[in-house]
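Everything on this sheet refers to the single structure shown next.
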Amino acid sequence: MSIMATTQPTPISRREADVIIVGGGFMGAASAFFLRQRGLSVILLERDMIGQYASGVNFGNVRRQGRYLCQLDLANRSRALWSQLPELIDDDLEFLPSGHMRVCYQPEQIAELEAYAAAPEARELALQVLSGKALRERFPYLGPEVVGGSYAPHDGHANPRLAAPAFARAARRAGADILEGVDVSQVEKTGSGFRVQTEGQGEFRSAQLLITAGAWGDRLSTQFGEPVPLVPRGPQMSVTEPLPYRLKTVIGVYTKREEEVVYFRQIPRGNIIIGGCHRAIPDMVSRRVSFEPQAMKLQMQQMRRVIPQLGNINIIRSWSGIESYLPDSLPVMGPSSQVDGLYYAFGFCGAGFQLGPGVGDVMAELLSTGQTSTHIDSFHIRRFAAADQHKSVAV
Ligand SMILES: Cc1cc2nc3c(=O)[nH]c(=O)nc-3n(C[C@H](O)[C@H](O)[C@H](O)COP(=O)(O)OP(=O)(O)OC[C@H]3O[C@@H](n4cnc5c(N)ncnc54)[C@H](O)[C@@H]3O)c2cc1C
């Protein structure tokens with residue numbers, strides 16, 4: 001559903017702004033909101049509907065633990081903003097700081113969970129690593145194969161369907177132009193600013209340009225001579241019939257085997273949402289990705305390994321969504337290395353939902369001041385240019 005709750009296209013009132021944002025997922029919508037908070041004029045162009053792709057169909061994990069340590073500064077900034085909802089945007093994303101439990105099957109993995117919990121970057125997460133009697137007392141329903149786990153008391157979950165539209169509505173109330181059904185075909189730097197050409201909707205101009213086009217981000221960065229090795233994939237999701245509300249902690253498995261990576265959460269209405277075990281290959285022309293039946297079988301098997309009592313439950317719906325992945329599993333975020341005034345925030349590798357508010361806030365800080373207090377250097381697009389140069393030298 002459109003953020004306007006109507007099928008009528010939004011009238012175009014302006015063609016020029018301080019910032020044009022291309023892509024209306026969580027990253028684009030949150031950036032629009034925070035840019036307005038800092039007083040910049042904003043036009044956001046979304047090809048389909050706000051939050052229709054990864055941002056609207058994801059699992060809903062507001063999880064920090066398990067991220068690369070270099071991402072925790074950004075994740076912490078985002079977590080602080082999650083705590084300020086719904087007051088910040090006058091809308092409720094159903095955020096529940098329920099706690100997140102990361103369980104493992106191998107005794108040697110307990111030491112890995114402990115090392116992560118002890119890292120200075122992870123201090124704010126207040127992780128508690130549990131095993132043996134302490135684990136069983138705290139989580140008596142875990143199956144016998146589970147030998148340990150790391151509990152993050154402040155992580156949790158929220159409703160992804162609500163997130164990007166709520167931020168976009170808040171941005172619009174604050175004065176941003178949020179346009180749906182506007183497909184950007186060409187982007188270029190002109191003298192002092194940017195020209196953004198659309199399919200059949202004319203052109204727009206801005207002083208600065210922010211690309212938040214998710215799995216399509218590389219198509220636009222390539223137009224500026226900055227290709228990235230982005231691969232789209234479709235994580236698989238299922239949801240069960242409603243059951244008594246007992247599982248108040250989000251649970252995920254820590255393992256290096258993809259088919260064992262299951263995660264699940266129960267919402268207060270009773271349904272258990274399940275993800276993991278498999279990723280499908282999307283069709284980027286039709287912009288569709290399938291849920292593949294083997295995913296459901298694996299998810300049910302793996303979930304029962306974690307909680308054997310979850311035996312006979314019915315799945316009522318399953319789906320997938322198109323997400324962007326990069327070889328080092330880190331996003332592309334920050335200024336372009338080629339073009340002044342150009343910024344990127346895409347490629348969030350299955351982990352962008354928790355980061356959404358933080359990414360919007362950091363991008364707004366960057367675009368309005370030229371710098372940010374949050375560590376994002378590891379996400380700079382130049383890391384792929386360097387890899388290419390290295391490759392050509394090696395050849
Ligand atoms: C099934 C699934 C489960 C996930 N689970 C989690 C989770 O539990 N926790 C977590 O933290 N993350 C999770 N993620 C990842 C998270 O959803 C994404 O990282 C995040 O939503 C990315 O947001 P985005 O705004 O970058 O991209 P998107 O939501 O994909 O938005 C990009 C937008 O850009 C638009 N666009 C692209 N090209 C153009 C163009 N040329 N012109 C105009 N508009 C354009 C698209 O239409 C799209 O709406 C999951 C992802 C999926 C798919």
Exercise. Using a ≥ b ≥ c from the Cα gyration tensor of region 171-251 (square roots of the eigenvalues), is it rounded, prolate or oblate, where a/c under 1.5 gives rounded and otherwise the larger of a/b and b/c decides, a/b for prolate?
Worked result: prolate
Problem set entry | Debye intensity ratio I(q)/I(0), log10, region 202-241, q values 0.15, 0.20, 0.22, 0.31 Å⁻¹ (C-alpha model) | -0.54, -0.74, -0.83, -1.13
Exercise. Glu16's amide H: which non-local residues (gap 5+, or another chain) put their own amide H closer than 5 Å, with H modeled 1.01 Å from N in plane and none for Pro or chain starts?
Worked result: Arg205
For this session: Choose one answer from Gln309, Gln37, Gln197: the residue with the largest mean-square fluctuation in a GNM of the chain with alpha-carbon springs under 10 Å.
Result: Gln309
Seminar exercise, completed: Expected max-MSF residue from Asp73, Asp90, Asp218 in the GNM of the chain (alpha carbon, under 10 Å) is Asp90
Exercise. What ranking of Trp82, Trp216 comes out by heavy-atom accessible area, probe 1.4 Å, highest first?
Worked result: Trp216, Trp82
Seminar exercise, completed: Taking the alpha-carbon centre of each part, the distance from region 24-92 to region 248-301 in Å is 22 Å
Seminar exercise, completed: Over the chain, the sum of -39500 (n - 2.57) across DSSP H runs of at least four, divided by residue number and rounded to 500 deg cm²/dmol, gives at 222 nm -8500 deg cm²/dmol
Exercise. Which whole-Hz couplings ³J(HN,Hα) result when phi for each residue of region 263-275 is put into the Karplus expression 6.51 cos²θ - 1.76 cosθ + 1.60, θ = phi - 60°, listed in order with x for Gly and Pro?
Worked result: 9, 8, 8, 10, 9, x, 5, x, 5, 9, 9, 10, x
Seminar exercise, completed: Residue-normalised value, i.e. accessible area per residue, for region 152-266 at 1.4 Å probe, in Å², stands at 37 Å²
Exercise. So, with +1 on the Cβ of K and R and -1 on the Cβ of D and E, and no other charges, what is the size of the charge dipole of the chain about its Cα centre, to the nearest 20 debye?
Worked result: 760 debye
Problem set entry | Alpha-carbon gyration tensor eigenvalues x 5, square-rooted, for region 138-201, Å | 46, 17, 13
Exercise. Once both axes come from the Cα atoms, what is the angle between helix 160-173 and the longest principal axis of the chain, in degrees from 0 to 90, rounded to 10?
Worked result: 30 degrees
Exercise. Which net charge results for the neighbourhood of Pro232, defined as the other residues with beta-carbon distances under 12 angstrom from its beta-carbon, given Lys and Arg at +1 and Asp and Glu at -1?
Worked result: +2
Seminar exercise, completed: With no solvent term and unit scatterers on the alpha-carbon positions of region 119-237, Debye gives log₁₀ I(q)/I(0) at q = 0.12, 0.15 Å⁻¹ of -0.77, -0.94
Exercise. Any idea what log10 I(q)/I(0) is at q = 0.09, 0.12, 0.16 Å⁻¹ for region 185-324, Debye with uniform C-alpha scatterers and no solvent?
Worked result: -0.43, -0.64, -0.85
Exercise. For region 302-381, what is one quarter of the convex hull surface built on the Cα atoms, given in nm²?
Worked result: 8.1 nm²
Exercise. Ignoring ligands, DNA and RNA, what accessible area per residue does region 1-129 give at 1.4 Å, in Å²?
Worked result: 42 Å²
Exercise. Using θ = phi - 60° and the Karplus curve 6.51 cos²θ - 1.76 cosθ + 1.60, what whole-Hz ³J(HN,Hα) does each residue of region 113-127 get, with Gly and Pro shown as x?
Worked result: 5, 5, 4, 5, 4, 7, 5, x, 5, 8, 4, 5, 7, 6, 5
Exercise. How much of the DSSP beta bridge set in the chain is antiparallel, as a percent to the nearest 5?
Worked result: 70 percent
Exercise. Sorted from largest down, what three extents in whole angstroms do the Cα atoms of the chain have along their principal axes?
Worked result: 66, 53, 38
Exercise. Which value, to two decimals, describes the C-alpha radius of gyration of region 238-395 once divided by 2.2 N^0.38 Å?
Worked result: 1.32
For this session: Along each of the three principal axes of the Cα atoms of region 285-334, give the extent in whole Å, ordering the values from largest to smallest.
Result: 45, 27, 16
For this session: Give the value in nm², to one decimal: projected area of the alpha carbon convex hull of region 100-163, averaged over all directions.
Result: 5.4 nm²
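The values are calculated or read from the model by the stated rules, or taken from the named source; none is laboratory data. All of these numbers come straight from a predicted model, not from anything done at the bench. All Cβ positions, even for glycine, are placed from backbone atoms using ideal geometry, and neighbour counts span all protein chains on display. SASA here: full protein model, heavy atoms, side chains in, ligands and nucleic acids out. Shrake-Rupley method; radii C 1.70, N 1.55, O 1.52, S 1.80 Å.
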